[in-house]
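The values are calculated or read from the model by the stated rules, or taken from the named source; none is laboratory data. Predicted model, so just to flag it, every value in this text is computed and none were measured. Ideal geometry is used to build each Cβ from the backbone, glycine not excepted, and the neighbour counts take in all protein chains shown. Remember, those area values only see protein heavy atoms, side chains included, never the ligands or the DNA or RNA. Shrake-Rupley method; radii C 1.70, N 1.55, O 1.52, S 1.80 Å.
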Amino acid sequence: MKLSLYIALVFILSACSENQSTTYSDGPYVLKHSDTWEALWVCNGQNKRFEFPPPDTRKRVEKCNLSAELSNEIANRPQLTYDNVSRIAAISDIHGQYHLLEGLLRAHGVIDTEGNWRYGTGHLVITGDVFDRGPTVTESLWMLYQLDKQARDAGGFVHLLLGNHEVMVLNGDLRYLHEKYKQTERVLHQSIPNLFSKTTVLGQWLQSRNVLVKINNILFLHGGLHVSLAQQGKTLADINQAFTQRLVAKDKSSRTGFGQFVHNSEGPVWYRGYFREPRASTDDIDTLLTHFAVTHIVVGHTTQEHVMGFYDNKVIAIDSGIKRGLTGELLLVEPDGLYVGKLDGEKAMLSSTN
Ligand code: ZN
């Protein structure tokens, strides 16, 4: 590329991003007060709000083309194990790339062209990290929130599992926040952790999610389980409880003992030992599979070029680099095998690297 053309392109791109930061829209964020609910938006850079009585059943709120279908139900903590599930779609590390989330789910029949659930009694698993990096986190969360309800109505389920970026944002560690959401904080005069506190619709939902789920013979979670958890005889419930009870900590010192372990670098949302040194041995993986009575562990967090199997497909890595905003893949668990689903709707058998 000629240097002059390159300079012109850089200039145009930087002008576009400046433009976005001053005129962008975001929301809604829905705050539950004692007698009223309040929806907040940033519309073309301006603060917009709408107050209404708590809805009896469901209510749609919309401004500047940003809508949310609200429900008055209190989100319950889902179970940790499910059996006899006919099919599973699993996706990870969306990182604010709504168009790729939507595109992949649509391409593989999880949602229809309107964004509604069409996966019947199938289960959709998101193994964490919807937050941070990209500019369409709010859109992604509302879509998953709505699918959660639609799926249950159809006999299916959406499992949004917590990743390290959910934990970071909920605890006010905003280092990876897209610039857009720093503007949202300024325009709405609210911190992002406040907008996801337990007195908000999305915050209440997020803070009642789990860190892992076992469906049929497959365990799903964000980073991975260290072999020591099996050696100590910990159950899935032990790990999930220790993790979720200390999800939002006043300060790090309030996490002690096992509650500290599950939130540190060898805990379920940070661990990378299936892919990087010091690497888990084949025996370690077998110990984990036997102890937790599963045949596969599916994780995100450590980015790969593709959804792919490790340790003879006993470990399946599904962070396919969606965070780059260009393309991505999902894992499909079907009665006749394991497949990688691509953005154009193509399906390929899952392959194992080693
Ligand atoms: Zn992660």
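A few remarks follow.
- With contacts taken as Cα pairs under 8 Å and at least 6 residues apart, region 51-133 reaches a relative contact order of 28 percent.
- Portion, in percent, of the accessible area of region 213-328 that falls on carbon or sulfur, probe 1.4 Å: 48
- Residues of region 170-200 with amide N under 18 Å of a point placed 7 Å along Cα→Cβ from Ala249: 170-175
- Computed over the alpha-carbon atoms, region 73-349 gives an Rg to Rh ratio of 0.94, Rh here being the Kirkwood radius from the mean inverse distance.
- Angle in degrees between helix 179-188 and the longest Cα principal axis of the chain, rounded to the nearest 10: 50
- Cα-based helix-to-principal-axis angle, 282-292 vs the chain, degrees rounded to 10: 80
- Here the sum of -39500 (n - 2.57) over DSSP H runs of 4 or more residues, divided by the residues of the chain, equals -8500 deg cm²/dmol at 222 nm, to the nearest 500.
- Only beta bridges with both residues in the chain are counted; by DSSP, about 65 percent of them are antiparallel.
- Relative packing of peptides 276-284, 88-96 - highest average C-beta neighbours within 10 Å first: 88-96, 276-284
- Label-to-label distance, nm, for residues given as Asp56 and Asn217 (7 Å Cα→Cβ offset): 5.0
- Under Karplus coefficients 6.51, -1.76 and 1.60, residue-wise ³J(HN,Hα) of region 218-227 in Hz, glycine/proline x: 10, 9, 10, 6, 6, x, x, 9, 6, 4
- Between helix 137-153 and the chain: long-axis angle, C-alpha atoms, 0 to 90°, nearest 10: 60
- Across region 73-349, Cα pairs under 8 Å and at least six residues apart give a relative contact order of 23 percent.
- Surface composition of region 15-108: carbon and sulfur atoms hold 42% of the protein heavy-atom accessible area at a 1.4 Å probe.
- Sorted on the mean count of surrounding Cβ atoms within 10 Å across their residues, most packed first, peptides 329-338, 67-76 read 329-338, 67-76.
- 5 angstrom amide H check on Thr200, placed H, neighbours 5+ away: Lys32
- Too-long pairs where the Cα-Cα distance tops 30 Å, listed order kept, from Lys198/Lys342; Lys234/Lys314; Lys32/Lys149; Lys48/Lys342: Lys198/Lys342; Lys48/Lys342
- Probing with 1.4 Å while keeping every protein chain in the model, the per residue accessible area of region 221-321 equals 43 Å².
- For His159, the residues 5 or more places off, or on other chains, whose built amide H falls under 5 Å of its own are Leu124, Val125, Ile126.
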